[in-house]
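Colleague: Next up is a structure, given as structure tokens.
The values are calculated or read from the model by the stated rules, or taken from the named source; none is laboratory data. Everything numeric here is computed off the predicted structure, so don't read it as measured data. Positions of Cβ are backbone-derived with ideal geometry, glycine not excepted, and every protein chain shown enters the neighbour counts. Just so you know, the surface numbers come from the protein's heavy atoms only, side chains and all, with ligands and any DNA or RNA stripped out. Shrake-Rupley method; radii C 1.70, N 1.55, O 1.52, S 1.80 Å.
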Amino acid sequence: MGFVSPLQSFALQAMLFFSMIFIPQHALGGITRHYHFEIKYQNVSRLCHTKTMVTVNGQFPGPRIVAREGDRLLIKVVNNVQNNISIHWHGIRQLQSGWADGPAYVTQCPIQTGQSYTYNYTIVGQRGTLFWHAHISWLRSTLYGPLVILPKHGLPYPFTKPSREVPIIFGEWWNADPEAVIAQALQTGGGPNVSDAYTINGLPGPLYNCSAKDTFKLKVKPGKTYLLRLINAVLNDELFFSIANHTLTVVEVDAIYVKPFETDTILIAPGQTTNVILKTKSQYPNATFLMSARPYVTGLGTFDNSTVAGILEYEVPPHSLSSMKKLSLFKPILPALNDTSFATKFTNKLRSLASSQFPANVPQKVDRHLFFTVGLGTSPCQQNQTCQGPNGTKFAASVNNVSFTMPTTALLQSHFFGQSKGVYSPYFPISPLIPFNYTGTPPNNTMVSNGTELMVLPFNTSVELVLQDTSILGVESHPLHLHGFNFFVVGQGFGNFDPNKDPSNFNLVDPVERNTVGVPSGGWVAIRFLADNPGVWFMHCHLEVHTSWGLKMAWVVLDGKLPHQKLFPPPTDLPKC
Ligand code: C2O
């Protein structure tokens with residue numbers, strides 16, 4: 001950034017002055033970190049295809065943000081491409097700073113060509129691995145990167161200090177322009193073309209044609225521990241991930257410490273992060289090891305069933321004869337593509353650390369019980385068109401049968417300035433208007449309704465939300481992501497949720513705390529959270545195609561009475577629609 005004019009420096013001082021007024025007391029002690037994100041075109045080649053893609057600073061994947069708990073981030077995003085842009089800091093609580101959350105038309109109008117916006121927020125009470133990604137249309141397919149939050153200075157991890165930390169971010173690559181892929185799907189009503197590859201840190205690896213040179217390599221030494229910060233930034237698939245002949249110890253998910261457990265394979269849904277400890281072999285093994293990922297798929301649609309691989313390579317000890325030998329290559333065995341039983345066993349192992357230092361503050365009483373169905377459905381084909389969705393309709397998706405219509409202005413502004421009339425309805429249904437056997441024989445009428453309906457909660461409402469999958473177009477696992485909060489996963493099961501029986505089995509002691517949870521295929525999951533963050537908060541399936549089809553809704557959390565219970569006023573550079 002370099003040169004600062006007197007005018008800019010005045011502006012900076014004014015900004016600092018204001019931040020001193022607004023900065024929450026408990027956040028003091030951190031530093032301010034500045035990042036500059038220029039959204040620009042860049043030619044990138046993979047699988048022998050070169051394409052011009054939208055990137056941050058010409059990098060793919062995008063730059064890594066590294067901060068400490070308590071730090072303030074000022075990230076200036078300058079849009080130098082033709083698309084509208086917004087960036088979301090996935091999993092950041094954004095306490096009172098909802099204007100910086102990022103989903104387009106929810107907390108902000110997008111940043112238009114030639115414009116800029118500075119995201120300004122403080123990281124409060126969080127440490128671990130998160131990520132950032134574009135939050136408009138399918139631009140997150142190329143605009144994404146790790147967001148690493150280190151503990152405060154001098155505070156150790158609740159596990160052995162690793163000798164190195166390595167972000168591993170999974171992505172999805174289309175030879176075509178992903179914006180054209182989703183535009184075509186929405187036009188025809190059919191499913192989108194599947195991707196051509198998955199990637200590890202932007203690289204598809206040796207199992208694809210014309211790709212061996214684009215392979216992620218992790219070089220390790222024997223007898224050490226490595227912290228792998230795994231991030232699923234894929235658009236449309238949950239992934240199994242494993243490293244041949246090595247065991248992983250899961251220590252954190254979604255930037256919350258968990259009770260450590262060992263596993264050969266992890267399951268990670270789009271929007272989820274998982275920190276694992278990799279302990280390397282004590283002796284130089286005379287072998288290299290593939291690490292690979294491929295999807296866990298439950299739905300009926302087509303999907304990219306390919307496998308991304310990287311290489312775990314032991315550095316040859318100096319003066320060793322090993323360097324002369326031909327090394328054997330080991331490959332991991334991943335679960336079958338539809339292995340729901342693995343998925344269930346894996347998610348059942350996840351428990352909050354729930355220590356005195358990192359307690360699990362599970363809401364014990366509930367103010368509002370909510371029941372939302374999530375799943376696919378259909379919407380009618382326009383006259384004179386032939387549609388490629390089920391029975392000549394268009395694919396749609398919904399929550400409580402409401403397929404969410406994006407407004408043309410931002411919801412948070414409408415709410416803040418009391419101008420919600422004509423923009424959204426505050427009456428999102430607390431349960432399906434027409435109950436049915438959710439996981440039984442599908443109903444004859446599969447049509448969704450459309451609307452911009454929000455669920456309004458008074459400040460500090462304690463919410464229990466049951467998310468119920470439906471069989472309307474076949475059961476399917478849906479990774480639901482809630483903005484602005486972490487929640488506790490207090491229970492899950494298959495079939496229809498039974499409000500009389502199931503709650504007695506809820507775990508209110510050490511349930512896993514996270515921001516994205518897989519609703520089991522043909523089942524339900526129950527979550528609890530405290531609505532202690534005023535603002536408008538998006539909730540949606542993190543399978544991007546389902547979001548595009550309308551599997552999304554938003555919450556309004558009202559201000560509380562005290563100053564630290566209110567949303568800050570909007571920043572002056574907030575983009576206009
Ligand atoms: Cu990572 Cu609204 O999403």
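Colleague: So for segment 164-348: antiparallel DSSP bridges make up what percent, rounded to the nearest 5?
Modeller: Roughly 75 percent of the DSSP beta bridges within segment 164-348 come out antiparallel.
Colleague: Here's another thing I want to ask about it. Determine ³J(HN,Hα), in whole Hz, for all residues of segment 508-525 in sequence, where each value follows from phi through the Karplus function 6.51 cos²θ - 1.76 cosθ + 1.60 and θ = phi - 60°; x replaces Gly and Pro.
Modeller: Each residue of segment 508-525 in turn: 10, 9, 9, x, 5, 10, 7, 10, 9, 10, x, 6, x, 4, x, x, 9, 9 Hz.
Colleague: Same structure again: For the chain, give the share of DSSP beta bridges that are antiparallel, in percent and rounded to the nearest 5; count only bridges with both residues there.
Modeller: Antiparallel: roughly 70 percent of the beta bridges in the chain.
Colleague: Show the residues, 5+ positions off or on another chain, whose built amide H is closer than 5 Å to the amide H of V66.
Modeller: V148
Colleague: Could you sort H319, H36 by accessible area so the largest value comes first, with the probe set to 1.4 Å?
Modeller: Sorted descending by solvent-accessible area, the residues read H319, H36.
Colleague: Report, by chain and number, residues whose modeled amide H sits under 5 Å from the one on F330, excluding near sequence neighbours (fewer than 5 apart, same chain).
Modeller: Those qualifying (amide H under 5 Å, at least 5 residues apart or on another chain) are T288, F289, L290.
Colleague: Which shape class applies to segment 302-350: rounded if a/c is under 1.5, otherwise prolate when a/b exceeds b/c and oblate if not, where a ≥ b ≥ c are the square roots of the Cα gyration tensor eigenvalues?
Modeller: prolate
Colleague: Share of antiparallel DSSP beta bridges in segment 283-356, in percent to the nearest 5?
Modeller: Counting only bridges with both partners in segment 283-356, antiparallel ones make up about 65 percent.
Colleague: Can I ask one more? Over the chain, calculate the relative contact order: mean separation of alpha carbon pairs under 8 Å at least 6 apart, over the residue count, as a percent.
Modeller: This gives 14 percent for the chain.
Colleague: Relative contact order of segment 235-379, please, whole-number percent, based on alpha carbon pairs below 8 angstrom and at least 6 residues apart.
Modeller: Computed value for segment 235-379: 26 percent relative contact order.
Colleague: Can you send over the solvent-accessible area of S425, 1.4 Å probe, protein chains only, in Å² to the nearest 10?
Modeller: About 40 Å², rounded to the nearest 10.
Colleague: Now for a different question. Alpha carbon centre of segment 444-485 versus segment 531-571: separation in Å?
Modeller: With segment 444-485 and segment 531-571 each reduced to a Cα centre, they are spaced 14 Å.
Colleague: Can you pull the accessible area of D214 for me, 1.4 Å probe, Å² to the nearest 10?
Modeller: 20
Colleague: Heavy atoms only, 1.4 Å probe, whole protein assembly: order V448, V194 by accessible area, highest first.
Modeller: Accessible-area ranking of V448, V194, largest first: V194, V448.
Colleague: Once you've got the Cα coordinates, tell me which of K281/K331; K76/K566; K259/K345; K224/K331 are over 18 Å apart.
Modeller: Long pairs (Cα-Cα over 18 Å): K76/K566; K224/K331.
Colleague: Here is a follow-up. Rounded, prolate or oblate: which fits segment 368-565 when a ≥ b ≥ c are the square roots of the eigenvalues of the alpha-carbon gyration tensor, with rounded for a/c under 1.5 and prolate only if a/b beats b/c?
Modeller: Oblate shape, in that a/c is at least 1.5 and b/c is the bigger or equal ratio.
Colleague: Under the rule that a partner needs its Cβ under 4.7 Å from the first Cβ, which Cys of the chain have none?
Modeller: Among the cysteines of the chain, those whose Cβ sits 4.7 Å or more from every other are C541.
Colleague: With contacts defined as alpha carbon pairs under 8 Å and 6 or more residues apart, what's the relative contact order of segment 351-414 in percent?
Modeller: Relative contact order, segment 351-414: 25 percent.
Colleague: Okay, next question. First check a/c for the chain, with a ≥ b ≥ c the square roots of the eigenvalues of its C-alpha gyration tensor; if it is under 1.5, answer rounded, and if not, answer prolate when a/b is larger than b/c or oblate otherwise.
Modeller: Since a/c stays below 1.5, the shape of the chain is classed as rounded.
Colleague: With viscosity set to 1.567 mPa s at 4 °C, what whole-number translational diffusion coefficient in µm²/s follows for segment 164-348 from Stokes-Einstein and a Kirkwood radius over Cα pairs?
Modeller: 74
Colleague: Let me ask another. Once you list every other residue whose beta carbon is under 9 Å from the beta carbon of S521, what net charge do they have if Lys and Arg are +1 and Asp and Glu are -1?
Modeller: That sum, taken over residues with Cβ under 9 Å, equals -2.
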